[in-house]
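Asks: Can you read through this structure? Questions will come right after.
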Amino acid sequence: GDYTGLLRPRVHFTPPQGFMNDPNGLHLDPYGTWHLYYQYNPTDVVAGNQHWGHATSPDLYHWTNQPIALFPPNATAGVFSGSAVLDSDNTSGFFPNQTDGVVAIYTLNTPTNQVQEIAYSTDGGYTFTPYAGNPVIDIGSNQFRDPKVIRYGDHWAMVISYASEWVIGIYTSPDLKEWTHASNISHIGLLGIQYECPNLVSVPFADNSSDSAWVLTVSINPGAPLGGSITQYYPGEFNGTHFEPFDRAARLSNFGKDDYAGQFFYDEPVSIGWASNWQYTNQVPTASEGWRSAMTLPRRNYLKDTGLAGYELVQEIYDLSPVLGNNSIVVPSTNLANASQSVTLSNPTAIYFDANITIPTNATIDDNASFNFTISTNSSGESVKGGYFFGGTPANTIWLDRGKTNGFDNPLFTDKFSAAQLKHATRIQGVVDRSLVEVYVDGGAVVGTMVVYPSEPLSTFAFVTNGLPEGSEIQFAAWELVDTWA
Ligand code: FRU
């Protein structure tokens with residue numbers, strides 16, 4: 001692929017060329033390599049002709065593009081979303097002489113039907129052979145897709161979407177070939193117009209890593225509250241056949257519009273989402289560079305019991321150290337109750353910033369108390385902004401704004417996003433990566449992901465704090481990130 005285009009993110013994954021959507025088949029192999037497959041149209045920059053593209057990484061940031069892993073059997077079929085498992089005990093019988101066999105479980109989409117198929121790889125996930133007994137599940141529906149398979153005790157468990165009925169099915173299998181329907185979860189949370197890409201995952205608690213609970217995620221499209229696509233999640237209990245949410249509240253996994261169809265790595269509380277939205281993904285201007293769509297940053301997930309709001313999924317940025325430059329590009333500061341700094345970036349680059357905020361307990365917080373960041377350019381006057389309101393109404397609110405960019409005009413490409421918290425933030429991290437901006441509040445308790453399309457590279461990074469009470473401290477630093485595609 002040609003990664004020289006000015007909108008190409010530097011640390012987020014993008015396909016070599018063509019169109020990408022959902023992450024698929026995510027797994028960490030026994031040799032320490034992370035495998036990312038993805039919905040892929042290699043022949044055009046719009047969705048269609050779905051294959052499974054493939055890339056591998058030692059650290060989830062430096063990716064090597066691999067040959068396409070799964071091909072549709074004919075011109076009218078598509079290999080839709082699905083997952084992969086490590087069949088180290090050879091339950092499937094595909095791997096008599098090895099413990100590193102990989103099985104992919106996916107939807108084969110045809111003009112009349114969506115059936116579930118499997119394919120196996122004896123070379124560690126690089127090439128796959130479709131099972132001769134496919135399909136493994138066919139219920140005669142054309143709205144039945146996106147199997148995600150996990151190991152539970154002595155069997156395999158699959159979550160799968162009956163998309164237009166707002167039902168998530170759970171199936172079980174001893175061998176990945178014979179599947180039995182076990183239970184359904186229906187009409188949970190926000191319905192949108194369809195349910196897609198369910199995941200079921202065991203996630204550790206932040207404060208006690210020996211304890212864990214289950215999280216079901218369900219993506220909805222169209223019909224997200226902000227329009228188009230978004231993912232929601234439900235913490236709960238799973239007994240191998242039935243999932244019971246702790247409560248029925250809908251919790252969105254992102255306050256932006258560009259984080260969909262997220263998938264967890266097999267047997268790991270690590271996830272990646274598709275950083276786009278079906279409302280405008282087929283129109284975004286990166287097509288002029290020959291590609292469309294990026295993945296979100298990788299995230300390490302854990303659960304937190306917040307008391308008041310119940311269980312919350314915390315999506316922490318996965319260890320960034322492999323791409324972190326050596327020195328802060330701003331003067332690292334500890335006392336920035338009322339401060340500002342700006343820096344011109346080596347152009348065009350990706351940056352990471354980290355603000356840790358301490359406000360004295362019982363201090364009165366002024367209405368104008370805030371933290372803001374801007375990335376801009378003088379020549380065209382474009383900018384992308386974000387920030388946090390500590391005081392006033394609404395207090396404790398993170399926001400993002402992509403309105404002052406000129407590279408893409410679409411009525412559904414809305415400008416501003418925000419989310420409120422019960423208590424003020426103590427940490428705000430962000431990654432600005434050319435056509436993608438992500439903010440992580442309080443280590444990932446609140447996450448915002450936003451694609452941005454300036455007409456030229458934004459090269460000045462600035463931050464400002466205002467009006468924080470006497471005695472407040474903000475430890476602020478920012479780093480240039482390594483260009484993983486250089
Ligand atoms: C979600 C989705 C899935 C489907 C895939 C097709 O974005 O619509 O439901 O399997 O994309 O590319």
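Asks: Based on the alpha-carbon set only, what is the convex hull volume of the range 323-481 divided per residue, in Å³?
Replies: Value for the range 323-481: 110 Å³ per residue.
Asks: Please compute the Cα-Cα pair-distance distribution of the range 178-246 with 10 Å bins starting at 0, giving whole percents from short to long.
Replies: Bin by bin from 0 Å, the calculated values are 19, 44, 29, 9.
Asks: Would you kindly compute the Cα radius of gyration of the range 313-404 and its largest Cα-Cα separation (Dmax), both in Å?
Replies: 15.5, 44
Asks: Sticking with this one: If you build the Cα gyration tensor of the range 1-111 and take the root of 5 times each eigenvalue, what three semi-axes come out, in whole angstrom, biggest first?
Replies: Ellipsoid semi-axes (Å, largest first): 25, 20, 9.
Asks: While we're on this one: Evaluate the charge dipole of the chain about its Cα centre and quote only its size in Debye, nearest 20, assuming +1 on the Cβ of each Lys and Arg and -1 on the Cβ of each Asp and Glu.
Replies: Rounded to the nearest 20 debye, it is 780 debye.
Asks: At a 10 Å Cβ-Cβ cut-off, how would you order His242, His54, fewest neighbours first?
Replies: Lowest to highest Cβ neighbour count: His242, His54.
Asks: In what sequence do Tyr3, Tyr38 fall when counting other Cβ within 10 Å, fewest first?
Replies: Tyr3, Tyr38
Asks: Moving to a separate point now. I'd like to know which of Ile398, Gly444, Pro454 lies farthest towards the positive end of the charge dipole of the range 323-481, counting +1 on Cβ of Lys and Arg and -1 on Cβ of Asp and Glu.
Replies: Among Ile398, Gly444, Pro454, the one farthest towards the positive end of the dipole of the range 323-481 is Gly444.
Asks: Next question. Within a 10 angstrom radius of the beta carbon, how do Ser161, Ser219, Ser379 rank from fewest other beta carbons to most?
Replies: Ser379, Ser161, Ser219
Asks: On to the next question. Quick one: dipole size for the range 323-481, taken about the Cα centre, charges +1 on Lys/Arg Cβ and -1 on Asp/Glu Cβ, in debye to the nearest 20.
Replies: 100
Asks: What whole number of Å gives the distance from the Cα centroid of the range 1-78 to the Cα centroid of the range 395-442?
Replies: Comparing the Cα centres of the range 395-442 and the range 1-78, I get a distance of 26 Å.
Asks: Return P(r) of the chain (all Cα-Cα pairs; 10 Å bins starting at 0; whole %; ordered from short to long distances).
Replies: Over the chain, the share of Cα pairs per 10 Å bin runs 4, 20, 31, 26, 13, 5, 1, 0 percent.
Asks: A further question on this structure: Give the residue list of chymotrypsin sites (Phe, Trp or Tyr not before Pro) in the range 107-214 that are DSSP loop and have at most 16 other beta-carbon atoms within 10 angstrom.
Replies: Sites meeting the loop and neighbour criteria: Tyr126.
Asks: Take the alpha-carbon centre of the range 116-166, take the same for the range 370-386, and report the distance between them in whole Å.
Replies: The range 116-166 and the range 370-386 have Cα centres separated by 45 Å.
Asks: Also, I was wondering about something else. With unit charges on the beta carbons (Lys and Arg positive, Asp and Glu negative) and the dipole taken about the Cα centre of the chain, which residue among Pro96, Trp179, Asn378 sits farthest to the positive side?
Replies: Asn378
Asks: On to the next question. Can you tell me, using C-alpha contacts under 8 Å and at least 6 residues apart, the relative contact order of the range 18-317 as a whole percent?
Replies: Dividing the mean separation by the residue count of the range 18-317 yields 13 percent.
Asks: Would you mind counting up the charge near Phe144? Only other residues with Cβ under 15 Å from its Cβ, with Lys and Arg at +1 and Asp and Glu at -1.
Replies: Net local charge, Phe144 excluded: -3.
Where a number appears in this text, it was derived from the coordinates with a stated rule and is not lab data. Note that the structure is predicted; figures quoted are calculated from it, not measured. Cβ coordinates were reconstructed from backbone atoms using ideal geometry, including for glycine residues, and neighbour counts include every protein chain displayed.
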